[in-house]
Amino acid sequence: MGAARGVVAKADLVAALLRADEHVVLPGRAPGATVDIAPVAPSALGDRTFCAAYGVDYPLYTGAMAKGIASAELVVAAGKRRMLASFGAGGLPLATVEAALDKIQTSLPDGPFAVNLIHSPFDETLERGGVELFLKRGVRVVEASAFTHLTSNLVWYRVAGLRRRPDGTVVADNKIIFKVSRTELATMALSAPPRDVVEQLVAAGQVTKEQGEMAQHVPMADDIAVEADSGGHTDNRPMAVIFPLIVRLRDELHRKN
């Protein structure tokens, strides 16, 4: 908590508000009155368990903007400040994504970073190629977007990263942040991978039998990102409505499971 530096003049207001770790005292409307704004550091804007899960200092992340708008440079800049950022791989050729990973993993060999995996209903090979690339390159955090159902590719990524600790605890090394804009999608993301899809992956040799068994003890996603009307595939849902609905659903599922 920082100390106040006296009443801030209006001309210095913007600079003062950007000093997030300091108290800001503004002149009030009445003579002699002041308004005290307490410091709110970015590191205090969310749950600290997020920081522990992703190895970051800030409980927030910068979401992927498709076609590389969320660039490798942005991801690296954020990662060097211990902030999670997701590379906008959606709509890019796999060769371009791999070149971006070269830059990101060279600069952030131990993370933190994420890569977006966008559902490709009209080109399954593109989605599968993305998962193959992420598994080959050891990408440990994927931001899944535009999924209307759980594809075998996304389930493959998740289950392929399952292992047991010596005490028997199941660990998911391949983390997923699932972007959702409807309650049924949130239910899907917060539930275990579909058993029939997992069995197909085991039969194909894409995951081990033990991983298939472990899959029933973990949800598909570590976290969900609630999307409102952001101009994309978000169903034009107002944040003030959809966010509390999904929070309530999350809590109900947690109690049941």
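The values are calculated or read from the model by the stated rules, or taken from the named source; none is laboratory data. These numbers come from a predicted model, not from an experiment. Methodologically, a virtual Cβ is constructed for each residue, glycine included, from the backbone with ideal geometry; neighbour enumeration extends over all protein chains shown. Keep in mind that these areas ignore ligands, DNA and RNA; they rest on the heavy atoms of the full protein, side chains included. Shrake-Rupley method; radii C 1.70, N 1.55, O 1.52, S 1.80 Å.
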Which residue is nearest to residue 204 (Cα to Cα), if the candidates are limited to region 131-162 and must be touching a residue at least 40 places away in the same chain (Cβ under 8 Å) and of a type in the set (D, E, K, R)?
158
Of all helices (runs of 4 or more DSSP H) fully inside region 160-239, the set with 3 or more residues that are farther than 24 Å from residue 138 by Cβ is 183-189, 195-203
Please determine, by comparing only the residues of region 164-173 that are touching a residue at least 24 places away in the same chain (Cβ under 8 Å) and under 21 Å from residue 132 (Cα atoms), which one is least open to solvent (accessible area, probe 1.4 Å).
172
Can you tell me how many residues within region 174-208 are buried (at least 19 other Cβ atoms within 10 Å of the Cβ), farther than 11 Å from residue 219 by Cα and out of contact with any helix residue (DSSP H, G or I) (no Cβ under 6 Å at 6 or more places or on another chain)?
4
Could you say whether any residue in region 153-163 is open to solvent by 10 Å² or more (accessible area, probe 1.4 Å) and among the polar types (S, T, N, Q)?
no
